[in-house]
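One structure is given below, encoded as structure tokens.
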Amino acid sequence: ASESGRTTLEIMVRLSNVVLLLSAASESLAFSSIPSATTRLLGTQLAANMAPLDQELESWAWSAGYGQIDKAIPAGSSGWASFRKVTVTNPPESDGKPVSFFVKSSSRSAEEMFHGEALGLQAMYECSQGEDSLRIPKVYHYGDFSEGKGSLIVMEYLNLAGRSDDRALGKAMAKMHLAPATKEAGNPDKAFGFPVDNTIGGTPQPNPWTKPNSGTQEWIEFFRDHRIGHQLDLAGDAYCSNLWEKDIAPRLHLLFEDLQGEKEIKPSLLHGDLWSGNIGSADGKPSIFDPAVYWGHHEAEW
């Protein structure tokens with residue numbers, strides 16, 4: 001009987017310690033955006049034995065200081081990724097409202113699937129701040145699964161609706177195009193191109209950087225070699241390629257001959273694949289999505 005009593009007492013003490021640990025973790029989350037070692041340990045333990053995506057989300061939420069996953073609702077899929085709407089117990093806020101997350105996951109690597117998308121969204125978000133701007137989702141995380149094969153990207157969930165007022169869209173696009181090329185926007189050298197190659201639809205799009213402080217001449221070369229010339233190479237049409245190389249490309253500069261001096265073309269951040277199917281609205285503001293982002297001449301957008 002005495003041995004049984006000691007065993008019961010030990011169990012009660014251990015349970016009490018667990019309660020204290022959970023309480024400490026809760027207070028840490030309430031008063032600090034940086035979780036404690038205890039919190040991170042608990043998050044790791046809670047995530048154990050879950051499916052890889054669930055485990056990755058649970059660990060990320062705890063380490064980011066957002067508590068636990070509250071709900072994860074399937075939101076469709078494509079041929080290469082699945083989508084979820086995710087809520088957490090201690091969410092960040094945007095404009096005074098709790099943020100929900102939109103999660104894309106894939107069996108392929110983050111470098112292959114989400115790196116370009118994340119950098120593109122981050123650049124558009126940075127260049128779309130303040131009034132009369134585009135509503136671009138903030139990227140919170142992307143990367144490969146810590147355990148197992150796969151990757152994910154976590155961004156702000158937007159309640160997308162149909163296309164908004166075209167005048168508001170035009171003003172917001174102009175604001176993004178006029179945003180300066182900066183380190184925060186991913187272009188400290190003020191060049192044409194982008195940090196990574198990406199795709200426009202399913203078509204590969206090369207984005208090598210031009211030289212620093214690029215202008216009209218560098219844009220002509222970029223547009224000639226990495227946009228029209230590249231597309232013609234992919235098309236494999238000998239007649240069109242010959243016409244381009246012999247008659248059109250050598251005269252391409254004539255289209256830009258008045259854009260010198262004060263009118264010099266400067267890099268603008270472009271969505272890169274703007275059409276009616278990639279335009280909507282969120283929270284009463286125009287929104288654009290599924291981009292093929294790069295820095296180019298603003299008129300290339302249209």
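The values are calculated or read from the model by the stated rules, or taken from the named source; none is laboratory data. What you see is a predicted model, and the numbers here were worked out from it, not measured in a lab. Note that we place each Cβ from the backbone using ideal geometry, even for glycine, and neighbour counts take in every protein chain shown. When the accessible area is computed, the model is the full protein with side chains, heavy atoms only, and any ligands, DNA or RNA have been set aside. Shrake-Rupley method; radii C 1.70, N 1.55, O 1.52, S 1.80 Å.
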Q: Would you list, by chain and number, the lysines whose Cα falls below 23 Å from the Cα of K285, excluding same-chain residues fewer than 8 positions away?
A: K85, K97, K138, K171, K175
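Convex hull over the Cα atoms of region 241-291, averaged projected area in nm²? Before the final figure, lay out each step's value.
Working: hull surface 25.2 nm².
It is 6.3 nm².
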Q.
Can you tell me the mean projection area, over all orientations, of the convex hull of region 64-209's alpha carbons? Units nm², please.
A. 10.4
Q. Which whole number of Å³ per residue matches the convex hull of the alpha-carbon atoms in region 144-187?
A. 138
Q: Provide the packing ranking of 284-293, 77-86, 235-244, i.e. peptides ordered by the mean count of other C-beta atoms within 10 Å per residue, highest first.
A: 284-293, 77-86, 235-244
Q: Compute the Rg to Rh ratio over region 115-173 from the alpha carbon atoms, using the Kirkwood formula for Rh, and round to two decimal places.
A: 1.09
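Working from the alpha-carbon coordinates of region 48-108, get Rg over Rh, Rh being the Kirkwood radius. Walk me through the numbers on the way to the answer.
On the way: Rg = 12.1 Å, Rh = 12.3 Å.
Rounded to two decimals, Rg over Rh is 0.99.
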Q: Could you check the simple spin-label distance between A51 and K171, using points 7 Å along Cα→Cβ, in nm with one decimal?
A: 4.4
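Just to make sure I understand: if all protein chains stay in place, what is the order of S281, S59 by accessible area at 1.4 Å, largest first? Write out the running numbers ahead of the final one.
Working: S281 15, S59 40 Å².
The most accessible residue leads, giving S59, S281.
Quick one: which of 176-182, 257-263, 217-223 comes out on top by average Cβ neighbours within 10 Å, and what's the full order, highest first?
217-223, 176-182, 257-263
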Q) In cubic angstrom, how much convex hull volume per residue do the alpha carbon atoms of region 158-302 span? A) 129
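Express in % the proportion of alpha carbon pairs of region 155-233 at distances exceeding 17 Å. Show your work: numbers first, answer last.
Details: 1929 of 3081 pairs.
Tail fraction, whole percent: 63.
How much of the accessible area of region 175-302, probe 1.4 Å, is carbon plus sulfur, in whole percent? Before the final figure, lay out each step's value.
Working: 3730 of 6920 Å².
Here carbon and sulfur together make up 54 percent of the probe-accessible area.
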